[in-house]
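Heads up, the thing below is written out as structure tokens.
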Amino acid sequence: MKELAKFWYYSHHPNDCELLTRDEKIWVDKLNRVGISYFRPLVTVALSKGIAAEKRVRLFKAIERFIFVCFRLGMFQSSYQNHIYYNKASELFETSNEAIVDDVINNLNNKTDAAMQEALDKFKARMIRSYKQEDGFYDWKNLKYFLYEAEFEKYLKSGIERLVAEDYFLKGEKDKFSIEHVYPQTPNEWYWRNTYRNFTDEEKRSLTNSLGNLLPLSRSVNSSLQNHIFDKKKERYSRGSHSEAEVAGNRDWTAKEIYERGMRLLEFMNDRWALGLNRTFLAETLNIEFVNDGRDEKPEITYSEIIEKKPRTEEERYRKSDRITVEQYLQDKKENMTSLFGSLKAEILETCLDAEEYVIPRYVAYKKNGKNFVEVQVQGSNIMTLSLAPDVSEDLVGKKIPDGYKWTLNYRCYLKTEEDIPDVMKVIKHSYEKR
């Protein structure tokens, strides 16, 4: 077991192992980035045995595809099929029979193919629902991994690395990477308003958060570019990653470019993980077909029309009852609280499947049947949730608000770290079920 501990370490840090080939290191790194989950014992044992490097790579590829399809697209339960691969890890450890690896590879490929349609249907439905809540692909928890894989493919073809994984996936640093909206979330400049004048506000929000409009950038660069016109953004993109340079190669950034890049990215997904999808399914998943509806062009907006309009004051823009975006709500919040909110939001949407998000300056609400079942307020050093008081006797976190206040959402909880999320989610689930 002492010897095995060394390979457990290498399963976390493959580049520290001189015995592994470059391809083995690449694929173990991918497993750690995509979320290796319950496969770490199997990977550890496979590294410790005298198995051919080529066969280990095939094993790692099969594991990564299974994880991406079942868990990152399909969002299956985290324990899905785990007993099979725990048993296989134990069997390989005890017998060192290399045929077990072949059996696992075949089993993984068959399980992935069998689960494929269900996983893809769930992913498509979740993306469509996310567009209704105005977040689109921007809300996909695994967007960062996917965009890096698209970038890595370009690196393999060119031989030039322009986006370093260690920097891209680093957490907690000021210069960490974030997702840039090429067509900005607040498109106030004349260029953007004129270019997208043919679309409704709802369609513009869909385009903003569409897959083809999203680009990984360092947080400092993202902050400096923000709402600049496309020509200004292109100057920075041209010196960045392969993905940035590709976007910079466009003369303009219109809805057509967003659609076409989104389709290329989904086609890459289709090929990279062998999903077997047709173009119609990809277009439906992208969910911005209105771009191609052949509508009449509206007259161009003149620059004078923009500058003559008196901008609303901050107070006018954000009345207490005005609906705003999540990004606007979070823009002045602390980074650690923003991250905690993102994790809580993901759990709410995953647990409460028909929840609708509604954001005003005071809080982020989640509704069922048109009624709030939880309101989330991001504060200085914690997050407060208000929900319906549970009608159960089990020991739950939080506290009921005195009846004298006559609040409908009369149960309050606080979160300070991600460890608090499971307990608070029990309360939120009770509230959701009561609605």
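Please treat every number below as a calculation from the coordinates, not as lab data. Note that the coordinates shown come from a computational prediction; the quantities given were computed from them, not determined experimentally. Note: ideal-geometry Cβ built from the backbone for every residue, glycine included; neighbour counts use all protein chains shown.
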Folded to 0 to 90 degrees: helix 53-67 orientation relative to the chain principal axis, Cα: 40 degrees
Neighbour net charge for residue 159 - beta-carbon separation under 15 angstrom, K R +1, D E -1: +1
Nearest 10 degrees, 0 to 90: helix 143-158 Cα axis against the chain principal axis: 60 degrees
Rg ratio (alpha-carbon, reference 2.2 N^0.38 Å) - the chain: 1.08
Mean ellipticity per residue at 222 nm, deg cm²/dmol - from DSSP H runs of n ≥ 4 across the chain, formula -39500 (n - 2.57): -15500 deg cm²/dmol
Burial ordering of 264, 22, 362, fewest other beta-carbon atoms within 10 Å first: 22, 362, 264
Translational diffusion of the range 2-115, µm² s⁻¹ [Kirkwood Rh, Cα pairs; Stokes-Einstein; 20 °C; 1.002 mPa s]: 153 µm²/s
Nearest 10 degrees, 0 to 90: helix 421-434 Cα axis against the chain principal axis: 60 degrees
16 Å tail of the calculated P(r), the range 326-434, as % of Cα pairs: 55 percent
Exposure proxy order (Cβ contacts within 10 Å, fewest to most) of 352, 17: 17, 352
Farthest positive-ward along the chain dipole, Cα basis, beta-carbon charges - from 69, 200, 258: 200
Net charge of Cβ neighbours under 11 Å - reference residue 66; Lys, Arg +1; Asp, Glu -1: +2
Burial ordering of 135, 296, 102, 391, fewest other beta-carbon atoms within 10 Å first: 296, 391, 102, 135
Over 20 Å (Cα to Cα) - which of 61/111; 30/154; 30/122; 345/429 fall in this group: 30/122
Charge context of residue 19, other residues only, Cβ under 14 angstrom, K/R +1, D/E -1: 0
Whole-angstrom Cα spans of the range 136-311 along principal axes, big to small: 48, 40, 27
Protection-proxy order for peptides 379-389, 24-34, 87-97, each taking the mean of Cβ atoms within 10 Å per residue, highest first: 24-34, 379-389, 87-97
Unit charges on C-beta of K, R, D, E only; dipole of the chain, Debye: 640 debye
Cα gyration tensor of the range 36-83 - equivalent ellipsoid semi-axes, whole Å, descending: 22, 12, 6
